[in-house]
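**Q** Input: one structure, supplied below.
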Amino acid sequence: MNGDHAFVDESIRNGAYLMCVTVVRPRHLDEARKALRLMRVRGQHKIHFAEESDKRRRQLLGDIALLPAKSAIYVARTGDQVGARRLILGAMTSDLIESGVHRMMLDSREGQNDRDRQVIHQATTEQPSRPLEYLHL
């Protein structure tokens, strides 16, 4: 997976904190972005499952499953969302570095970005020979 890009998003379901990471090879980025743009309905700026019907979610999942990408879900079952995110993000970052991922993109959230930076910094200093660029968008 050397040079791959990782896209991270989180959700909370039934008391569990989940983070999904989707990894795309650089040569497939344009193809994946174009396919996702085509999945949006007229006037829609982004796809967000919380705003989609069950039928549309199933359709989107089927279409997304065909994209040249791999995904993994990390789960923590705790009432402490900050601690759960820290635990998951640390493990995920270490796994991505070990896999040779080059760049990680996360959603930007005020108050959360600084905590994320601390966790990512700790994981990257544990494996300094493998650089990981990350962005909060």
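The values are calculated or read from the model by the stated rules, or taken from the named source; none is laboratory data. A quick note: this is a predicted structure, and the numbers were derived from the prediction, not measured. Note that we place each Cβ from the backbone using ideal geometry, even for glycine, and neighbour counts take in every protein chain shown. Side chains are part of the model used for accessible areas, which takes the heavy atoms of the whole protein and leaves out ligands, DNA and RNA. Shrake-Rupley method; radii C 1.70, N 1.55, O 1.52, S 1.80 Å.
**Q** Given a 1.4 Å probe and heavy atoms of the protein chains only, how would you sort S94, S71, largest accessible area at the top? Intermediate results must be reported in sequence, preceding the final value.
**A** Details: S94 25, S71 80 Å².
Order by accessible area, largest first: S71, S94.
**Q** OK, next. Which three semi-axes in whole Å describe the equivalent ellipsoid of the range 23-137, each the square root of 5 times a Cα gyration tensor eigenvalue, listed largest first?
**A** 28, 19, 13
**Q** Which order do T78, T22 take by accessible area at a 1.4 Å probe, largest first? Can you show the working numbers first?
**A** Details: T78 60, T22 40 Å².
Of T78, T22, the descending order of accessible area is T78, T22.
**Q** Can you give the calculated 222 nm mean residue ellipticity of the chain, where each DSSP H run of n ≥ 4 adds -39,500 (n - 2.57) and the sum is split over every residue, rounded to the nearest 500 deg cm²/dmol? Show your work: numbers first, answer last.
**A** Working: 4 runs with 56 residues, N = 137.
Computed ellipticity for the chain at 222 nm equals -13000 deg cm²/dmol.
**Q** Quick one: net charge around I97, please, counting Lys, Arg +1 and Asp, Glu -1 for every other residue with C-beta under 9 Å from its C-beta.
**A** Numbers: positive: R130; negative: D95, E98, E126.
Taking every other residue near I97 into account, the sum is -2.
**Q** Please identify every one of the trypsin sites (Lys or Arg not before Pro) in the range 41-137 that sits in a loop by DSSP and has no more than 10 other beta carbons within 10 Å of its own beta carbon.
**A** Working: sites: R42, K46, K55, R56, R57, R58, K70, R77, R85, R86, R103, R109, R115, R117; in loops: R42, K46, R109.
Here the trypsin sites (Lys or Arg not before Pro) that fit, given the DSSP loop and packing criteria, are R42, K46.
**Q** May I pose another question? Heads up, I need the accessible area for V41: 1.4 angstrom probe, whole protein in place, Å², nearest 10.
**A** Per-residue accessible area (V41): approximately 70 Å².
**Q** If every alpha-carbon in the range 1-79 counts as one equal scatterer, what log10 I(q)/I(0) does Debye give at q = 0.13, 0.16, 0.21, 0.25 1/Å?
**A** -0.48, -0.71, -1.11, -1.31
**Q** Give the accessible area for Y134 in Å² (nearest 10); use a 1.4 Å probe, count only protein heavy atoms, and leave out ligands, DNA and RNA.
**A** We get 70 Å² for Y134.
**Q** Here is a further query. May I ask for the angle, rounded to the nearest 10°, between helix 29-39 and the longest principal axis of the chain, with both axes built from Cα atoms and the value confined to 0 to 90°?
**A** Rounded to the nearest ten degrees, it is 40.
**Q** I'd like the carbon and sulfur percentage of the solvent accessible area for the chain, probe radius 1.4 Å, heavy atoms only, ligands and nucleic acids excluded. Intermediate values should be presented prior to the final figure.
**A** On the way: 4510 of 8910 Å².
Of the solvent-accessible surface of the chain, carbon and sulfur hold 51 percent.
**Q** Here's another thing I want to ask about it. For the range 49-102, what is the convex hull volume of the alpha-carbon atoms per residue, in Å³?
**A** On the way: hull volume 6.6 nm³, N = 54.
Per-residue hull volume (Cα only) is 122 Å³.
**Q** Where the eigenvalues come from the Cα gyration tensor of the range 86-137, what are the semi-axes √(5λ) of the equivalent ellipsoid, largest first, in whole Å? Walk me through the numbers before you get to the answer.
**A** Working: eigenvalues 63, 26, 16 Å².
Semi-axes (√(5λ), whole Å): 18, 11, 9.
**Q** What is the angle, in °, between the Cα long axis of helix 54-65 and the longest principal axis of the Cα atoms in the chain? Nearest 10 is fine, range 0 to 90.
**A** 60 degrees
**Q** Taking 2.2 N^0.38 Å as the expected size of a compact globular protein, what ratio does the Cα radius of gyration of the range 1-40 give against it, to two decimals?
**A** On the way: Rg = 13.1 Å, N = 40, 2.2 N^0.38 = 8.9 Å.
Normalised Rg, Cα atoms only: 1.46.
**Q** Compute the angle between helix 81-99 and the longest alpha-carbon principal axis of the chain, please, reported from 0 to 90 degrees and rounded to the nearest 10.
**A** Computed tilt is about 90 degrees.
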